[in-house]
1. Assuming R0 = 30 Å, what is the FRET efficiency of Ala28 and Leu5, from their Cβ-Cβ distance, to the nearest 0.05?
2. After finding the eigenvalues of the alpha carbon gyration tensor for the chain, what semi-axes result from the square roots of 5 times each, listed largest first in whole Å?
3. Counting only protein heavy atoms, what percent of the accessible surface of region 262-331 is carbon or sulfur at a 1.4 Å probe?
4. Run through region 427-469 and list the GluC sites (Glu not before Pro) located in a DSSP loop whose Cβ has at most 13 other Cβ atoms within 10 Å.
5. Amide H of Phe263 versus every other amide H placed in the peptide plane: which residues, excluding those fewer than 5 positions away on the same chain, fall under 5 Å?
6. Per 0.36 nm of contour for each residue apart, how much would the distance between Ser299 and Ile90 grow if the chain were fully extended, relative to their Cα-Cα spacing?
7. So what's the back-of-envelope 222 nm ellipticity for the chain, counting only DSSP H runs of four-plus at -39500 (n - 2.57) apiece and dividing by all residues, rounded to 500?
8. Compute the length gained on full extension between Leu384 and Asn115: take 0.36 nm times their separation in residues and subtract their Cα-Cα distance, giving the result in nm to one decimal.
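The values are calculated or read from the model by the stated rules, or taken from the named source; none is laboratory data. Remember, predicted model here, so these are calculated numbers, not experimental data. Methodologically, a virtual Cβ is constructed for each residue, glycine included, from the backbone with ideal geometry; neighbour enumeration extends over all protein chains shown. In case anyone asks, the SASA skips ligands and DNA or RNA and just uses the protein heavy atoms, side chains included. Shrake-Rupley method; radii C 1.70, N 1.55, O 1.52, S 1.80 Å.
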Amino acid sequence: MYYVLPKRWQWGVLLIASIFYYLCSGNAILILYPLLAVAVSFAGIYWMTKAQEEEALLKERGKDAAKRRKAALLFVIFANVAVLFLLKYINFGIHTINAAASFFGAGRDILSGFNWLVPLGISYYSLSLIGYVVDVYFGIAVPQKNPAKLALYGMFFPVMVSGPILRYREDGEQFFEPHLFDYKQVTQGMQRMLWGFFKELVISERMALIVNTIYGNYEAYPGVYIWIGTVAFAFQLYTNFSGGMDIVLGLAQTFGLKLPENFRRPFFSKNISEYWRRWHISLGVWMKEYVFYPLLRSSFFTKLSKDMRKKFGKKRGKQITTFAGMFLLWFSVGIWHGGDWKYIIGSGLLHWFYIVSGELLEPWYLKCMEKLHINPKARVVDILRIVRTFFLVNIGFVFFRASSVGDAWKMLKSAVTVFNPGILVGGQIFELGLDWIEFTIAAVSLLILFGVSLMQRKGDVRERIREKAMPVRWLIWYALLFYVILLGYYGPGFSTAEFIYQGF
């Protein structure tokens, strides 16, 4: 339909598909939430544009157009954040208050929680729309005057499941441009979707069996078992989330759309900062542009910076101010993942601690390397840094996956106090949800993933396959297709796989 109908109707096909998808994805009434977010955002853009167009007239009447534009911006931000807070975070606040009251001796919960139905993709469309309205306010994005087109941008159906978070100034206008059928784009999009299904169905679903076995009864699986379960979760989460992104970006490519990349081989990162430039890229970019930089430019942080520079010197004062802003940034990243302290610690503040510690210890680290006559750019040093970063990330994953912060601490304690490496050479490894056949499939698939990841460092693998002779191309893609069909783990009764980040 998209390519057969007249080009001026193409975006309408995507809008109808997005609405239909949303109506079929759960409780149909929940579509009112994204539609309300679009309506509020469109109203804010309209008021800002109107105030700017009538600036001279308003000035004659003694009214300030700039104040009206700012009021419209704040209204959009407040409305979207208020709904997001009410649906996702109010229970977090209530539980935190109850826990604090219990700590200080209260005999019962002083507040009751709420049971809300949370709409699909709320964290994605809310941030995309807020970012767009902010860009319009600062004049770096073109105001959209068609509410239906704004609805497509905010509700494009592949993005609803797990992102990426869009930025209108880079991604928005392409939705409304005509797209001719391009055989290369369509086939490469489908090939990328197939790669995503490989990650999701062949690897992630098998890793989930190991993770659920260990994390579901961690007291019976101490020591090395905890590390096995956590590493399995790292690959489960990565293949699930990045596989979902491959499906989303591949599907968009079949429509001639190019959405932002969300992953660039994060487990090859040499430090935590680099890891977050490679993992969930769109979230990191959004948080920096719309949380971190505005914070540092705010009057409070400007004053704090001046005070810290006077007290501790220019370099150290600037560093203290930046670290304070980064604390709020990483708290925001953590709470975006969910209203629970395990996310705030595991995906937020722990990484803030890593980055701050890394910056403070960097001069000492380089000095030690120099005294030991070790080249910090040597290959073996890079490999050790990659291993170290992966280890630190996995500590965060323990909090991320555990049922609570308390369980995470217990698991970490067990992981470092119980010494049982013998399970690595015994048959206990096959008692974790996978028999030796399933384990072999998982191991071979991870090796394929690793090999392709190494190839991706030299460019797009699809392009390199495309340059091969036709029999070779078809052999590769059909081999992968049947690998997924025959070896994909579909669960009991062929139940559907779920995207972990759909819950955020």
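1. Given R0 = 30 Å and the Cβ-Cβ separation, E is 0.70.
2. That gives 38, 33, 25 Å for the three semi-axes.
3. Numbers: 2300 of 3800 Å².
C and S fraction of accessible area: 60 percent.
4. Glu467
5. For Phe263, the qualifying residues are Ile281.
6. Gain on stretching Ser299 to Ile90: 72.4 nm.
7. Value at 222 nm, helices only, nearest 500: -21000 deg cm²/dmol.
8. 92.2 nm
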